[in-house]
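What follows is a set of notes on a single structure, which appears directly below.
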Amino acid sequence: MDNIQIANLALIGLGCEPISSFDEGTTEATVISATFDALLNATLSSYPWRFCTVSEDIARLNAETKSGFKYVYQLPNNFLRAIALVDRGDDADFGIVGNTLVTDAEAPTLTYTAKVPPEQLPDYFIEVFVDKLQAKNAIALTGDKAMGTYFQRCYDSDSVIARSRDAQQATTQVFTNDILLDCRK
């Protein structure tokens, strides 16, 4: 699905007319285009979704830090939210300062939430994102405060389901030796 298709799902759910482009000049296009990217990034950042989690080595900058850490690293262009920093197999302390990461780690690997184009979003996430678009734009597009509240509740409940589905996108941990299980034998 592309941006316009996702926006139209939200607009139709609000009882509004669909759009053909974000810059067509209609109220619907103006409102939805003003909030689309920011709400997408906020929804992606709201949880460490597996489909947009990336790990990569980051480039050290030749810059001084006033934060108490030794090194400054450039954050990737598609960076939204830090999840973890590992240096030679161990977790490392870090901070985010502007568009840089500061740390004492000498060769860090950053795990982070990355921006993902709408075409790569899974269906379970699109449903949650559409709820967020509807909740945040309901008053501007319909004047109905109750509709915004309704879609916020939809967002809250659909987020739980989507997070569960996302968490199932990996091998589950199998407990092979558990002291509590051994006690029952």
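Quick notes
- Computed over segment 21-149: relative contact order in percent, which uses C-alpha pairs under 8 Å that are six or more apart: 26
- Between 0 and 90°, nearest 10: helix 27-45 axis offset from the chain longest Cα axis: 20
- Extension gain, LEU61 back to LYS145 (0.36 nm per residue minus Cα-Cα distance, nm): 25.4 nm
- The gain in end-to-end length when the ARG153 to GLN74 segment is fully stretched comes to 24.7 nm, 0.36 nm per residue minus the alpha carbon separation.
- Computed from Cα atoms, the angle from the helix 3-13 axis to the main principal axis of the chain rounds to 60 degrees.
- Across the accessible surface of the chain, with the other protein chains kept in place and a 1.4 Å probe, carbon and sulfur atoms take up 49 percent.
- With Rh defined as the Kirkwood radius, the inverse of the mean 1/r over Cα pairs, the Rg/Rh of the chain is 1.09.
- Sites ASP87 and GLN120, calculated FRET efficiency, Cβ-Cβ separation with R0 30 Å, nearest 0.05: 0.50
- Against the main long axis of the alpha-carbon atoms of the chain, helix 123-142 sits at an angle near 50°.
- With the simple spin-label model, which puts each label point 7 Å out from Cα in the Cβ direction, the THR109 to ASN41 separation comes to 2.7 nm.
The values are calculated or read from the model by the stated rules, or taken from the named source; none is laboratory data. These numbers come from a predicted model, not from an experiment. When we count neighbours, we look across all protein chains shown, and the Cβ atoms used for this are built from the backbone with ideal geometry, even at glycine. These accessible areas exclude ligands, DNA and RNA; they are computed on the full protein's heavy atoms, side chains included. Shrake-Rupley method; radii C 1.70, N 1.55, O 1.52, S 1.80 Å.
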